[in-house]
Amino acid sequence: MSTDRDQSYRLSNKDYKYLCQHVYESTGIVLGDNKREMVYRRLTRIIRERKLASFSAYCELLKSCPEQEHNYFINKITTNLTSFYRESHHFDFLAQQELPRLLSKGLHNNRLRIWSSASSTGEEAYSIAITLLEAFGHFIKRCDVKILATDIDSNVLTTADKGIYEARKMDGVSAKLKQKYFHKGVADNANHVKVSDELRQLITFKELNLLGEWPMKGPFDVIFCRNVIIYFDKPTQEELFARLHDILKPGGLLILGHSENLGSYQQYFENVARTIFRKLTVQG
Ligand SMILES: C[S@@+](CC[C@H](N)C(=O)[O-])C[C@H]1O[C@@H](n2cnc3c(N)ncnc32)[C@H](O)[C@@H]1O
């Protein structure tokens, strides 16, 4: 292990293995040996906060664990990197191809459902909402349009729900869109912006583990599942793809992150653009 970090606590192989197994069973996230430093750094803070003497003591606490401690642990372990219009070609495809296609063929009951399934702090869901309003605002306002945004991490959802962001982290949003959909903070909040009610009311944020029960029935027209399956192993990915396939409408879209693919599950989808897949309808 590298020596440049704070070595106040010893992380034994046994404890690291326990922590990895606990994370895997609870979230599907695979922590290899290359994540040891990251785990060390993130958990050292908790060990200090809890005034524990060692990683072993922390493992014991998790074993005896109240749910609250477990959630705190998982929130610390997840990687939540995201941004507005990240992988902007996905939003272009939505605006220029998918929404016109859906609207021209006529939405059943005027209903449009989109799921941002690992939404982190909400930038993905708000980017979807802006895309909808910009492309078909007049229509969207008359329709039954809902964006469900979920994540396993309760902390990021609190941020998403508030819809307050640092202005300097909004590079992906044009000045025109910023002016239209965000309010500038004043005084102490001058460095922040807040999403408009028009965006906020299109989205419901909820805690959901992709590996657990899904309370919603769907079906969804579009699912964003970006930059999360990369943390899962192949069996977990395949199980998830099967469930995502089930909850998509026939012809619905599944959108993955830049370094992700469907593996052998590709046969159930058509690849319509870079990391965008359409559910194939089974010919009966
Ligand atoms: C790197 S962020 C991706 C955010 C966004 N989708 C994007 O592409 O910008 C990955 C998110 O997946 C969430 N996550 C990890 N495991 C999960 C699980 N089992 N169920 C739901 N969300 C999970 C993490 O909490 C994190 O917020």
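For the reader, a short list of remarks on this structure follows.
- Positions within the range 112-139 being part of a helix (DSSP H, G or I), over 18 Å from Gly163 (Cβ atoms) and in contact (Cβ under 8 Å) with a residue 24 or more places away in the chain, in sequence order: Ala135, Phe136, Phe139
- Residue in the range 249-268 that is among the aliphatic types (A, V, I, L, M), modelled with pLDDT of 95 or more, within 11 Å of the ligand (Cβ to nearest atom) and not assigned by TED's automatic domain parsing to the domain that holds His22 present: yes
- Considered as a group, the residues in the range 84-111 that are touching a residue at least 40 places away in the same chain (Cβ under 8 Å) and of a type in the set (D, E, K, R) include one that is surrounded by the most Cβ atoms within 10 Å (Cβ to Cβ), and that residue is Glu98.
Conditions tested, residue by residue: (1) crowded, with 16+ Cβ neighbours inside 10 Å; (2) of a type in the set (S, T, N, Q); (3) in contact with a Pro (Cβ under 9 Å, 6 or more places away or on another chain).
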site	(1), (2), (3)
Asn209	no, yes, no
Asp221	yes, no, no
Phe224	yes, no, no
Ile229	yes, no, no
Phe232	yes, no, no
Gln237	yes, yes, no
Arg243	no, no, no
Ile255	yes, no, no
Leu280	no, no, yes
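- Taking (1) without any contact (Cβ under 8 Å) to a residue 40 or more places away in the chain; (2) exposed (fewer than 11 other Cβ atoms within 10 Å of the Cβ) in turn, Leu81 satisfies each apart from (1).
- Candidate set: the range 221-239, residues that are in contact (Cβ under 8 Å) with a residue 40 or more places away in the chain and touching a Ser or Thr at 6+ places or on another chain (Cβ under 9 Å); chosen: the one farthest from Leu31 (Cα to Cα): Ile223
- Among the residues of the range 157-192, those identified as assigned to a loop (DSSP other than H, G, I, E, B) and not charged (D, E, K, R) are Gly163, Met170, Gly172, Val173, Ser174, Gly185, Val186, Ala190, Asn191.
- Of all residues in the range 197-219, those that are over 19 Å from Asn109 (Cβ atoms) have Cβ atoms under 6 Å from Cβ atoms of residues that are more than 12 Å from the ligand (Cβ to nearest atom) and part of a loop (DSSP other than H, G, I, E, B), 6 or more apart or on another chain, in Arg200/Gly163.
- The residues of the range 221-237 that are closer than 20 Å to Arg274 by Cα and either away from the ligand (no atom under 12 Å from the Cβ) or in a loop (DSSP other than H, G, I, E, B) (or both), listed by number, are Asp221, Val222, Arg226, Asn227, Val228.
- The set of residues from the range 21-34 being part of a helix (DSSP H, G or I) and either buried (at least 19 other Cβ atoms within 10 Å of the Cβ) or in the same structural domain as Asn209 (by TED's automatic domain parsing) (or both) comprises His22, Val23, Thr27.
- Unmet requirement for Glu213, which otherwise passes all of (1) within 11 Å of the ligand (Cβ to nearest atom); (2) more than 21 Å from Glu87 (Cα to Cα); (3) of a type outside the set (Lys, Arg); (4) part of a loop (DSSP other than H, G, I, E, B): (1)
- When the range 246-284 is limited to residues that are of a type outside the set (Ser, Thr, Tyr) and farther than 23 Å from Asp92 by Cα, the one that is farthest from the chain's Cα centre (by Cα) turns out to be Gly284.
The values are calculated or read from the model by the stated rules, or taken from the named source; none is laboratory data. The shown structure was predicted, so the numbers you read here are calculated from the model rather than taken from an experiment. Virtual Cβ from ideal backbone geometry, glycine too; neighbours counted across all protein chains shown.
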